[in-house]
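These notes are about the structure you will find just below.
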Amino acid sequence: MATVTDDFRHRTTLRARFRDIDAFGHVNNAVFSSYVEQARITYLLEVLRSDQPFARLPLILARIAIDFRSPIMFGEEVTVHSRVGRIGRTSFGMEHRMTAGPDERLAAEVSSVLVCFDYATGRPIPVPEEWRDRLSEYECRPLDAGARLATTGAVPA
């Protein structure tokens, strides 16, 4: 039987730390974003195979949306399943599914938009062709904005 994460090729595994827990005894909602950030960075470094430090990649996070599905408890293993859903002219959309615990229950669904950005001019720049090629190759499908996944609600940039 197929699961909700079968078409997410990239996985980053983390463990919920004591410092991630809030007064209600579960991982704080803001920490979900940190888990996704770690997965996003890991994905980009591995897939883009950049020879420059991550801090020098010309990217800026423009949007993130998190739908919380179930709590994550202290010590649970968390897996963030990641993919790029589409590439526009100056941006691309990423999607993540977070699963947690021994039952691998769905903890959150996350979408984000990253914009290629020239920090010197303060303006968006086109997604490099090399990135388009590497991302499409890794995802094994075309990623141009017209071919985006049906589950992505993002509008091409």
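Every number here is computed from the coordinates shown, using simple stated rules; none is lab data. None of the values given here were measured: they were computed from a predicted structure. Heads up, the Cβs are rebuilt from the backbone with ideal geometry, glycines too, and the neighbour counts pull from every protein chain shown.
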Ser33/Ser136 FRET efficiency (R0 30 Å; Cβ-Cβ; nearest 0.05): 0.65
Explain nothing, just the number: dipole magnitude of the range 10-141 about its Cα centre with +1 on each Lys and Arg Cβ and -1 on each Asp and Glu Cβ, in debye rounded to the nearest 20. 220 debye
Over all Cα pairs of the range 10-141, how is the pair count split among 10 Å bins, expressed in % and running from 0 up to the last occupied bin? 12, 41, 30, 15, 2
Compute the relative contact order of the range 10-141 as a whole-number percentage, counting only Cα pairs closer than 8 Å that sit 6 or more residues apart in sequence. 27 percent
Burial order of peptide ranges 96-103, 83-90 (average beta-carbon count within 10 Å, highest first): 83-90, 96-103
Order of Arg49, Arg40 from fewest to most other C-beta atoms within 10 Å? Arg49, Arg40
Given the options Asn28, Thr12, Pro128, identify the residue whose Cα lies farthest towards the positive end of the charge dipole of the range 10-141 (+1 on Cβ of Lys, Arg; -1 on Cβ of Asp, Glu). Pro128
